[in-house]
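Rule-based calculations on the coordinates, nothing more; no lab input. Just so you know, these numbers come straight off a predicted model, no measurement behind them. Here the Cβ positions follow ideal geometry from the backbone for every residue, glycine too, while neighbour counts run over all protein chains shown.
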There are 2 protein chains.
Amino acid sequence: MTELKNDLLLKALRGESVERPPVWMMRQAGRYLPDYIKLREKYDFFTRVQTPELATEITLQPIDQVGVDAAIIFSDILVIPQAMGVEVLMEEGKGPSLPRTIKTQEDIDNLITTGVEESLGYMYAALNLTKKELNGRVPLIGFAGAPWTILCYMVEGKGSKTWDKAKQFAYTQPALAHQLLQKITDITILYLIEQVKAGADTVQVFDSWAGSLSPADFKIYAQPYLFQIATALKPYAPVILFPKGSWYALEDITGSDASGVGIDWCITPQMARQLTNNSITIQGNFDPAMLLAPIPEIKKAVTTMIDAFGPQRYIANLGHGITPNVPVDHARAFVDAVKSYSI
Amino acid sequence: MTELKNDLLLKALRGESVERPPVWMMRQAGRYLPDYIKLREKYDFFTRVQTPELATEITLQPIDQVGVDAAIIFSDILVIPQAMGVEVLMEEGKGPSLPRTIKTQEDIDNLITTGVEESLGYMYAALNLTKKELNGRVPLIGFAGAPWTILCYMVEGKGSKTWDKAKQFAYTQPALAHQLLQKITDITILYLIEQVKAGADTVQVFDSWAGSLSPADFKIYAQPYLFQIATALKPYAPVILFPKGSWYALEDITGSDASGVGIDWCITPQMARQLTNNSITIQGNFDPAMLLAPIPEIKKAVTTMIDAFGPQRYIANLGHGITPNVPVDHARAFVDAVKSYSI
């Protein structure tokens with residue numbers, strides 16, 4: 001194994017002292033980069049995801065072009081339902097759709113649940129290749145969707161503002177919901193372990209729609225499954241949980257086996273530190289829309305953010321994915337501002 | 001003036017002791033009611049809003065059919081930009097669109113800003129007529145959109161998940177944003193005062209997209225304007241502020257001139273009471289999707305909610321508008337559960 005030249009991210013996750021906070025951006029390998037758009041014009045979404053050479057190329061783009069302190073493998077959270085036998089369509093600019101949604105026990109029984117992680121070999125090949133290409137420059141992040149978020153898509157069939165159908169499924173057929181959540185959890189654990197074996201230095205679990213749940217329902221439908229994943233992965237690699245919008249769960253998450261927790265911009269750094277008692281690494285929470293502000297404003301806001309979180313036990317990131325309309329030099333200004341932060 | 005037979009809502013807003021909490025539902029006059037849908041088939045959206053007899057009929061439907069403790073006038077927050085000279089299109093089932101968006105100083109200069117409240121006579125006529133028809137059964141709520149939320153629509157031109165363009169406008173041209181926010185604020189104050197004069201017993205300000213802002217930006221672009229409105233209206237009627245998603249502002253709002261604050265379901269009652277120090281009336285926060293659960297579950301969840309908030313200084317409501325797919329008997333079960341709560 002090549003030794004890491006830049007291990008700021010892993011140090012921050014272990015709670016070790018760093019000379020400055022590490023920085024990366026959710027969706028950093030994506031649509032705001034002209035070189036990504038060129039590849040998008042040549043290959044459809046799942047070709048990009050399932051061809052290790054393409055996934056690696058895309059993963060490396062922001063390392064070379066924006067200078068982030070970590071690579072996150074280019075993939076999608078919906079490869080899991082796809083590997084469970086559910087058709088997933090990805091139309092550019094429209095978001096995903098899953099024509100056959102989960103409604104009944106029979107639908108769940110028909111899902112593929114054994115050997116799913118083995119069918120995702122392209123992911124491990126992409127991690128392997130990326131790891132080699134990185135040659136120790138920065139750590140590599142693996143990831144998966146959280147069970148609640150995956151259920152949302154499997155039941156709803158597409159994106160939603162309110163996730164009504166997913167919630168109705170959970171509230172009217174809780175036993176079925178838990179069955180499905182557990183199946184996704186079991187598969188996700190095996191999948192993430194394989195990602196670590198293939199080269200991921202840490203893994204992040206994206207619960208993008210956790211924030212649609214009340215604190216009480218989060219504890220029923222999201223938290224137990226997130227925590228199972230954190231516990232199962234702990235012997236393998238540090239885990240970052242990102243239940244977007246679920247600031248109310250920060251106290252509980254601090255007591256979990258996760259090493260880091262992602263937060264969005266709708267909470268002050270002070271409040272986040274208070275709720276986590278400064279005893280878990282926090283990742284976030286720059287408003288992606290703020291990347292559209294003039295560069296001097298971005299730099300100022302980054303300094304304010306790091307000052308407020310404090311530079312230790314902290315990973316500078318956005319509070320959600322970078323949007324396609326962000327100019328590359330604005331993304332770079334964000335990253336540079338973190339890198340030039342002096343303690 | 002007819003004396004109110006049911007003044008629970010006003011008592012709760014004044015912090016007076018009640019025998020049980022009042023209950024109403026955001027969007028209670030709307031798409032889940034078959035009688036509303038019948039009217040929708042005959043008259044387009046703005047005909048319904050601008051014809052006092054129709055607006056009154058729609059406003060009264062949930063009083064008669066669901067038994068809520070307050071009427072809220074049927075209207076829309078976008079009547080303000082419309083009256084400012086901005087075209088607003090409302091296509092059934094698609095959400096609003098504003099073809100000519102605000103981008104420049106010239107766009108702002110071209111807005112109508114004087115006499116706007118006078119051009120909304122149909123609203124006051126509807127309030128007048130509704131007040132008469134209610135004949136003191138329950139209080140009547142007037143409303144307006146909050147300046148930040150109205151700016152969102154005027155700049156973005158339609159609904160958005162991230163309100164990127166609105167935020168970009170604010171972050172790159174803050175002086176213009178504040179100019180626009182102040183103009184909307186001034187008009188909204190006059191508009192709400194006229195609503196009170198026409199019969200509204202209280203007014204609610206809907207800041208539906210406040211939660212897209214970070215706590216720091218909420219304090220810059222939303223809070224000052226909300227507070228101006230609360231202060232200006234205080235001599236006329238109690239004000240309820242509903243900055244959806246902005247739980248982080250609860251402490252500040254408690255110190256404002258508002259009598260009540262609406263919250264969504266993404267905060268525990270305990271936390272909301274703690275942040276407001278139990279010194280402002282809280283309204284909320286039932287997850288609208290929970291109305292899709294079986295009726296016994298709804299009843300149980302209502303009791304749990306009231307127990308957690310406590311029955312005083314509390315208005316039972318949803319955490320956001322009722323969705324079109326809720327069966328009427330489920331809405332009624334929600335209301336009945338509150339009404340049968342015994343202290």
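Tell me, which residue of segment B:201-226 that is of a type in the set (A, V, I, L, M) and outside any helix (DSSP H, G or I) is nearest to the other protein chains (Cβ to nearest Cβ)?
In the first step, residues of segment B:201-226 are kept if they are of a type in the set (A, V, I, L, M); the result is B:203, B:205, B:210, B:213, B:216, B:220, B:222, B:226.
Filter once more, keeping what is outside any helix (DSSP H, G or I): B:203, B:205, B:213, B:222.
Working: B:V203: 26, B:V205: 20, B:L213: 8, B:A222: 12 Å.
This residue is B:L213.
Just for segment B:236-279: of the residues that are aromatic (F, W, Y) and more than 17 Å from the chain's Cα centre (by Cα), which one is farthest from the other protein chains (Cβ to nearest Cβ)? Break it down stepwise before answering.
Let us first name the residues in segment B:236-279 that are aromatic (F, W, Y), namely B:236, B:242, B:247-248, B:265.
Then drop every residue that is not more than 17 Å from the chain's Cα centre (by Cα), which leaves B:236, B:248.
Values: B:Y236: 32, B:Y248: 6 Å.
Among them, the one singled out is B:Y236.
Report yes if some residue within segment B:264-272 is outside any loop (DSSP other than H, G, I, E, B) and β-branched (V, I, T); otherwise report no.
Of segment B:264-272, the ones outside any loop (DSSP other than H, G, I, E, B) are B:269-272.
In the following step, the residues that additionally are β-branched (V, I, T) were identified as none.
Looking for residues that are outside any loop (DSSP other than H, G, I, E, B) and β-branched (V, I, T), one finds none in segment B:264-272, hence no.
Do we have A:G136 as within 27 Å of A:V68 (Cβ to Cβ) and within 14 Å of another protein chain (Cβ to nearest Cβ) here?
Numbers: within 27 Å of A:V68 (Cβ to Cβ): yes; within 14 Å of another protein chain (Cβ to nearest Cβ): no.
No, not satisfied.
Scan segment A:267-289 for residues that are buried (at least 23 other Cβ atoms within 10 Å of the Cβ) and in contact with an Asp or Glu (Cβ under 9 Å, 6 or more places away or on another chain) and jot them down.
A:G284, A:N285, A:D287, A:P288, A:A289
Take B:T303 and tell me if it is of a type in the set (S, T, Y) and in contact with an Asp or Glu (Cβ under 8 Å, 6 or more places away or on another chain). Can you show your working first?
Details: of a type in the set (S, T, Y): yes; in contact with an Asp or Glu (Cβ under 8 Å, 6 or more places away or on another chain): no.
For B:T303, the condition - of a type in the set (S, T, Y) and in contact with an Asp or Glu (Cβ under 8 Å, 6 or more places away or on another chain) - is not met.
Across segment A:1-19, what is the total count of residues that are more than 22 Å from the chain's Cα centre (by Cα) and over 20 Å from A:S342 (Cα atoms)? Outline the logic, then answer.
If we filter segment A:1-19 for residues that are more than 22 Å from the chain's Cα centre (by Cα), which is where we start, we get A:1-3, A:5, A:16-19.
Filter once more, keeping what is over 20 Å from A:S342 (Cα atoms): A:1-3.
The number of residues fulfilling the criteria is 3.
Could you tell me whether A:T304 is part of a helix (DSSP H, G or I), facing chain B (nearest Cβ under 9 Å) and within 26 Å of B:A170 (Cα to Cα)?
Numbers: part of a helix (DSSP H, G or I): yes; facing chain B (nearest Cβ under 9 Å): yes; within 26 Å of B:A170 (Cα to Cα): yes.
Judged against the criteria, A:T304 is a match.
Residues are listed down the side, and each one gets a yes or a no for (1) touching a residue at least 40 places away in the same chain (Cβ under 8 Å); (2) surrounded by 20 or more Cβ atoms within 10 Å (Cβ to Cβ):
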residue	(1), (2)
B:A71	yes, yes
B:Q82	no, yes
B:G85	no, no
B:K103	yes, no
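Among residues belonging to segment A:150-169 that are more than 9 Å from chain B (Cβ to nearest Cβ) and either surrounded by 23 or more Cβ atoms within 10 Å (Cβ to Cβ) or in contact with a Phe, Trp or Tyr (Cβ under 8 Å, 6 or more places away or on another chain) (or both), point out the one that is farthest from A:V86 (Cα to Cα).
Once the filter is applied, the top-ranked residue is A:F169.
Working only within segment B:139-164, note down all residues that are in a helix (DSSP H, G or I) and without any contact (Cβ under 8 Å) to a residue 24 or more places away in the chain. Give the derivation first.
Taking segment B:139-164 first, the residues in a helix (DSSP H, G or I) are B:147-156, B:164.
Correct list: B:D164 only.
Applying the selection to segment A:110-138, what residues are under 20 Å from A:K5 (Cβ atoms), over 20 Å from the mean Cα position of the chain (by Cα) and not in a helix (DSSP H, G or I)?
Hits for segment A:110-138 are A:N135, A:G136, A:R137.
Pick from B:N285, B:N325, B:N317: which is outside any helix (DSSP H, G or I) and away from chain A (no Cβ under 14 Å)? So that I can check it myself, show each step before the final result.
Numbers: B:N285 fails: away from chain A (no Cβ under 14 Å); B:N325 fails: away from chain A (no Cβ under 14 Å).
Only one candidate qualifies: B:N317.
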